[in-house]
Amino acid sequence: MAEVEFDTEGVKKRFAYINRKAPYGSIYALEILEMIMISAAFEQHAIIAFVDDGVYQLKKGQNAKVLGMKNFSPTYGILQMEKEDADEDEDIDMEWRIVVEEESMTARGLTADDLVIDVEVLPSVELADLLDAQEVVLSA
Amino acid sequence: MKFGLLVNEGPFTHQASDSAYQFAKAAIEKGHSVPRVFFYFDGVNNSNALSEPQSDDRNLVKLWGALATDHDIDLVVCVAAALRRGIKDEILAAGFRISGLGQLIELGMAMDRTLTFGD
C-alpha cells in the first residue's frame, strides 16, 4: 500500500460530470450523483451534463416503487440548490452549470418542462466545446 | 506527467480495468507517474482478494497489486460502492485501501491529467 496525500490547498479546477445512463436498471446514475455531491464540498467548478439516456435521470414523475428501488430524483433538487447557493453567495468561489444536450432530449420526446430542475439546454456542438474547456472529465 | 486514473468497471465484463492497467504500465515505462488509481462503480471488484480466475487467464487483482507495490501507486477503493458489492477489509487484496469519494476529487485536483476508464 502506498497511501499518498495530495496537497490540494488553494487548487481550483474545472470538473465535468457526464451523466449518460438511464436512472434505474443500473446504478451508474445514482453513484455518479454521489460523486457530484461530494465534489461540492471541495468547491470545484463543474459542468454537470446529461446526455443520451442520462436525460431520463431528470424526468418528472418517476415511480421507482414498482421496481423495488428508491426514487432518488429529489436529490437533483439538492444539486440545483448547491448551484444556486454558489451563484448567490460571493464567499463561495464555485461555478456550476447544469446542462442537458438538446439532441438527446428531443430524441426522447422531452422538453425542459418535463425535467425536475432548471437546466441549460445546449446543442451537442456547443456542449462539445464546453467539455473541451474542462480540466477533469468524469463520466458514467 | 502525473496521471490519475478512475476505473469504473470490474475485471471480466468490460475492458476498462485491463485498459487502465495497460495504460498505467505504459505511462510508467515512458517515465510518467501514476500516483493514484481510484476504483468506483463495479470497478471496486478489482480489489477482491477472493477472485480466482482460471490459471491461464490474467489475474487483474494481483496485477494491480504488483504494479502498485513496484511503483508506489495508491490504489483506492470507494467505501460506499464497495459496501454495496460486499467488498470489505476482510477480503481486500494486497495493495488496495478503502476510502471515500473525496480521494477521487483530490486526485482530479492534484494530477496533471485524470482519465476515466469505463463502459
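What number results when the radius of gyration of chain A, computed over Cα atoms, is divided by 2.2 N^0.38 Å?
Values: Rg = 15.6 Å, N = 140, 2.2 N^0.38 = 14.4 Å.
Rg over 2.2 N^0.38 Å, computed on Cα atoms: 1.09.
What percent do you get for the relative contact order of the stretch A:1-96 when only Cα pairs under 8 Å and 6+ apart count?
Normalised by residue count, the contact order of the stretch A:1-96 is 29 percent.
Among the lysines, select those whose C-alpha is under 28 Å from the C-alpha of A:LYS13, and discard any that sit fewer than 8 residues away in the same chain.
Cα-Cα hits under 28 Å: A:LYS21, A:LYS83, B:LYS2, B:LYS25, B:LYS30.
Antiparallel as a % of all DSSP beta bridges within chain B, to the nearest 5?
5
Calculate the FRET efficiency for B:THR69 and B:ASP119 from the Cβ-Cβ distance with a Förster distance of 35 Å, rounded to the nearest 0.05.
With R0 = 35 Å, the Cβ-Cβ based efficiency is 0.80.
Given the options B:GLN22, B:GLN103, B:GLN54, state which has the largest fluctuation in a GNM of chain B using a 10 Å cut-off (strictly under) for Cα springs.
B:GLN54
How crowded by other chains is B:67-77, given as the mean number of beta carbons from other chains within 10 Å of each beta carbon?
Working: counts 0, 2, 2, 0, 1, 4, 3, 6, 3, 3, 0.
Mean number of neighbouring Cβ atoms from other chains: 2.
Looking at the P(r) of chain B, how many percent of alpha-carbon pairs lie beyond 25 Å?
Details: 880 of 7021 pairs.
Roughly 13 percent, rounded to a whole number.
Given H placed on each backbone N at 1.01 Å, which residues far from A:ALA16 in sequence or on other chains put an amide H within less than 5 Å of it?
A:ILE47, A:VAL136, A:VAL137, A:LEU138
Across peptide B:8-18, what mean number of C-beta atoms from other chains lies inside 10 Å of a residue's C-beta?
1
Step through the residues of the stretch B:66-81 one at a time and calculate ³J(HN,Hα) from phi using the Karplus curve (6.51 cos²θ - 1.76 cosθ + 1.60, θ = phi - 60°), rounding each to whole Hz and writing x for Gly and Pro.
These are the phi-based 3J(HN,Hα) values: 5, 4, 5, 5, 5, 10, 6, 9, 8, 8, 10, 9, 5, 5, 5, 5 Hz.
Which whole number gives the average count of other chain Cβ atoms within 10 Å of the Cβ atoms across peptide A:28-41? Provide the component values of the computation, followed by the final result.
Details: counts 5, 0, 1, 9, 3, 0, 5, 9, 2, 1, 8, 6, 1, 3.
Partner-chain Cβ atoms within 10 Å, mean over residues of A:28-41: 4.
Would the protein assembly as shown count as rounded, prolate or oblate if I go by the C-alpha gyration tensor, calling it rounded below 1.5 in a/c and otherwise prolate when a/b exceeds b/c, oblate otherwise? Kindly include the intermediate steps, with their values, before the conclusion.
Details: a/c = 1.92, a/b = 1.46, b/c = 1.31.
It is prolate, given that a/c is not under 1.5 and a/b is the larger ratio.
Ranking A:VAL4, B:VAL79, A:VAL55, B:VAL34 by Cβ neighbours within 10 Å, fewest first, what do you get?
Ordered from fewest to most neighbouring Cβ atoms within 10 Å, A:VAL4, B:VAL79, A:VAL55, B:VAL34 come out as A:VAL4, B:VAL79, B:VAL34, A:VAL55.
With n ≥ 4 as the cut-off for DSSP H runs, can you work out [θ] at 222 nm for chain B, using -39500 (n - 2.57) per run divided by the number of residues, rounded to the nearest 500?
-10000 deg cm²/dmol
Looking only at chain A, where both bridge partners belong to it, what percent of the DSSP beta bridges are antiparallel (to the nearest 5)?
Looking only at bridges with both residues in chain A, the antiparallel portion is about 5 percent.
Express in whole angstrom the spacing between the alpha-carbon centres of the stretch A:3-43 and the stretch B:10-81.
If we compute the Cα centre of each part, the gap is 20 Å.
Every read-out reported here was derived from the displayed coordinates using simple, explicitly stated rules and does not represent laboratory data. No experiment lies behind these values; they were computed from the predicted model shown. Backbone-built Cβ (ideal geometry, glycine too); neighbour counts: all protein chains shown.
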